[in-house]
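A short write-up of the structure that comes next.
The values are calculated or read from the model by the stated rules, or taken from the named source; none is laboratory data. Bear in mind that the values here come from a model prediction, so they are computed numbers and not experimental data. All Cβ positions, glycine included, derive from the backbone under ideal geometry; neighbour counts span all protein chains shown. Quick note on the areas: whole protein, heavy atoms, side chains included, nothing else; ligands and nucleic acids left out. Shrake-Rupley method; radii C 1.70, N 1.55, O 1.52, S 1.80 Å.
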Amino acid sequence: MAEYSNLLFEIDNHIAHITLNRPDAANAFDLNLAREFSDAARRCDENRQVRAVLLSGAGRMFCAGGDLKSFAQQPQAQLPDYLRQVTHFLHHAITLFAHARAPVVAAVHGSAAGAGMSLACACDFVVAAESAKFTMAYTRAGLTPDGSATYFLPRIVGFRKARELMMTNSILSARDALALNIVTQVAPDDQLMQQALALAGELAAGATLALGGVKRLLLESSTNTLDAQMTRETQWITDMCQNRDGREGIAAFVAKRPPKFAGG
C-alpha cells in the first residue's frame, strides 16, 4: 500500500483502490489531499496493471468538497494562490482519470457536496448508498464550482437543470440522483462497497483499451463535427482490431465462447 497522509492507495486484482482519508475533516480537499490525489491518479495512469479504479471515502461521508476551514486559515492576500494550487492538483487528477484507459467507479456514501459531487460527476460510474445525498453547495459559500462540474454536470443533466442545481444548492437523494443519471446504481447502505467492487471487477476484466477508447471518443464528441468524429471512430476501431484484446474479442465471438481479455 502506498504511503500517503491523506488517502489510502492500493492495487488488488487490477483494481486501484483510492480512499479519501481525512474523516475528521469530512474528506474535504485541502492542498495536501489535492496534491496526494493528483499523485495517486498519476500512479494509476502510468501503471498498465491498473484496469479499473475504485474511489471511496473513509468515515461518515464520501467528500464534503473543499476544506473551507483551510481556506479561512490562509492570509487574505495568499488565498487566491492557495486555491489555484488546490484546483491545479484536483483538476490534474480529474484530467488523468477522464482520459485514462481504466474506468473509474465512485462508491458514494453519506454526502457528496461541492467538489465531492463534482468528483462523482467526473467518474465513469457512480454507485451510491441508498442514504447518500448530493449537493453542489458552492454558491452557498459565495463560491463558484470547480472540479469539472461545469463541464460534466450539464452534459449529464442538461444545461437548465445544472444551472438550477448550482444556483439553488438543492439536496438530491440517491434516488433523485439516479433519476438524473448522476448515479449509475443505488445500493443498500450495507452493500455499497460490495456492489461497487463487483462493478469495478467486471470492468477490470473487460477490454481495457476499448473502454479507454470509449471514454476518449465521448469526450471528443462534444467539440468535433460529425465528419471529424466519424474519422476518429475509424481510427480507433482500426487500432482496436490490431491489439490483443480486439483479436481475442473477434475470435471469441466467432467461436461462441466468452472472451478472455488481458487488457492490451
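Side notes on the structure shown:
- When residues in segment 118-137 are screened for being touching a residue at least 60 places away in the same chain (Cβ under 8 Å) and either assigned to a strand (DSSP E or B) or more than 10 Å from the chain's Cα centre (by Cα) (or both), 6 of them pass.
- Residue check, THR144 surrounded by fewer than 16 Cβ atoms within 10 Å (Cβ to Cβ) and closer than 21 Å to GLY212 by Cα: no
- Consider segment 158-172 and keep the residues that are in contact (Cβ under 8 Å) with a residue 12 or more places away in the chain and open to solvent by 30 Å² or more (accessible area, probe 1.4 Å). The one that is farthest from GLY116 (Cα to Cα) is LYS161.
- Matching residues, segment 34-65, being outside any loop (DSSP other than H, G, I, E, B), under 16 Å from the mean Cα position of the chain (by Cα) and closer than 21 Å to ARG84 by Cβ: ALA34, GLU36, PHE37, SER38, ASP39, ALA40, ALA41, ARG42, CYS63
- Every condition in (1) open to solvent by less than 90 Å² (accessible area, probe 1.4 Å); (2) part of a helix (DSSP H, G or I); (3) under 29 Å from PRO145 (Cα atoms) holds for GLY249 except the one numbered (3).
- When ALA177 is tested against the conditions (1) open to solvent by less than 40 Å² (accessible area, probe 1.4 Å); (2) more than 20 Å from TYR151 (Cβ to Cβ); (3) assigned to a helix (DSSP H, G or I), the lone failure is (2).
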